[in-house]
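*Asks:* Provided herewith is a single structure, encoded as structure tokens, for subsequent inquiry.
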Amino acid sequence: MKLIGSYTSPFVRKISVILLEKSLPFQLINASPWEEDPQVIAVNPLGKVPVLITGQGEPIFDSPIIAEYLELLCAEPALLPADRLQALRVRQLEALADGVTDAAMAIVRECRRQADRQNESFILYHREKIRRGLNALELAAGEGKWLNTSALSLADIAVACSLGFINFRRVMPNWCVERPALVAMAGRILARTSFARTAPPAAADVYTSEML
Ligand SMILES: N[C@@H](CCC(=O)N[C@@H](CS)C(=O)NCC(=O)O)C(=O)O
């Protein structure tokens with residue numbers, strides 16, 4: 001399988017981590033969606049990464065759909081419970097984490113505009129989404145039912161990718177304050193080999209035209 005995107009993208013990282021955790025071999029094809037890379041547009045009309053090209057050559061995009069496809073391959077470990085309603089609850093947390101990541105990306109993009117063109121209320125609006133989202137995730141992590149359990153789930157991976165991105169782009173440096181369950185979970189999960197191997201390149205750790 002081929003994975004189109006780069007590790008500066010938290011959504012690409014999410015899929016790479018799943019592939020590594022399941023020991024599914026893949027090749028990363030480096031592409032940036034922000035430059036209307038023809039490689040990306042050819043396989044995703046929305047021009048977004050990640051895109052997975054299956055062994056049969058079929059492109060699949062949007063990370064939740066890719067994650068679902070990878071579950072269908074039945075490679076261990078399963079990242080969703082077998083029960084469909086329970087799986088939906090895990091996926092709800094995945095959606096929440098992905099939404100937090102979307103809001104963080106919106107802030108990063110806004111902060112790349114010239115200082116006098118940045119819209120402070122837009123930034124605050126998205127910051128609130130992140131704050132509320134992380135509070136809800138903290139509650140879920142504290143419960144330890146679908147998130148932060150002994151078995152790794154899709155929700156854990158999505159949350160850790162989101163927190164990794166928030167750290168990497170310094171979107172909300174104080175997110176750790178009063179969120180001990182998320183801090184503990186992130187510390188444990190970000191130390192896994194799959195996360196170490198997909199860390200965003202240090203050279204991209206600056207605000208340049210190179211993107212998310
Ligand atoms: N919902 C999508 C979001 C993917 C996404 O926003 N990817 C960013 C890079 S991190 C992108 O390709 N942005 C380009 C654009 O919005 O045109 C997913 O989960 O895959």
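The values are calculated or read from the model by the stated rules, or taken from the named source; none is laboratory data. Note that this is a predicted model, so its numbers are computed, not measured. Cβ coordinates were reconstructed from backbone atoms using ideal geometry, including for glycine residues, and neighbour counts include every protein chain displayed. Ligands, DNA and RNA are stripped out before the accessible areas are found, and what is left, the full protein with its side chains, is counted by its heavy atoms. Shrake-Rupley method; radii C 1.70, N 1.55, O 1.52, S 1.80 Å.
*Asks:* Leaving ligands, DNA and RNA out of it, rank TRP146, TRP175 by accessible area with a 1.4 Å probe, largest first.
*Replies:* Heavy-atom accessible area, descending, gives TRP146, TRP175.
*Asks:* Once Rh for segment 80-212 is found with the Kirkwood sum over Cα pairs, what is the Stokes-Einstein diffusion coefficient at 37 °C and 0.692 mPa s, in µm²/s?
*Replies:* Result for D is 212 µm²/s.
*Asks:* Decide, for segment 13-111, between rounded, prolate and oblate: order the square roots of the alpha carbon gyration tensor eigenvalues as a ≥ b ≥ c, take rounded if a/c falls under 1.5, and otherwise choose prolate if a/b is larger than b/c, else oblate.
*Replies:* Oblate shape, in that a/c is at least 1.5 and b/c is the bigger or equal ratio.
*Asks:* Report the gain in length on full extension from GLU35 to PHE122: 0.36 nm times residue separation, minus Cα-Cα distance, nm rounded to one decimal.
*Replies:* 28.9 nm
*Asks:* Quote to one decimal, in nm, the extra length available between ARG109 and GLU143 on full extension: 0.36 nm per residue of separation minus the C-alpha distance between them.
*Replies:* 8.9 nm
*Asks:* Please give the length that would be gained between LEU85 and ALA202 if that part of the chain were fully extended, namely 0.36 nm times their separation in residues minus their C-alpha to C-alpha distance (nm, one decimal).
*Replies:* In short, 38.1 nm is gained.
*Asks:* Would you mind putting 113-123, 184-194, 133-143 in packing order, based on average other-beta-carbon counts within 10 Å, highest first?
*Replies:* 133-143, 184-194, 113-123
*Asks:* So how exposed is LYS2, as accessible area in Å² (1.4 Å probe, rounded to 10)?
*Replies:* 90 Å²
*Asks:* Let me ask you something else. Compute the accessible area per residue over the chain, keeping the other protein chains in place, probe 1.4 Å, unit Å².
*Replies:* About 50 Å² of surface per residue is accessible.
*Asks:* Using a 1.4 Å probe on the protein heavy atoms, what percent of the accessible area of the chain belongs to carbon and sulfur?
*Replies:* Carbon and sulfur: 55 percent of the exposed surface of the chain.
*Asks:* Using a Cα-Cα cut-off of under 25 Å, which lysines could be cross-linked to LYS2, ignoring same-chain neighbours fewer than 8 residues away?
*Replies:* Once the sequence-local lysines are set aside, what remains near LYS2 is LYS14, LYS22, LYS48.
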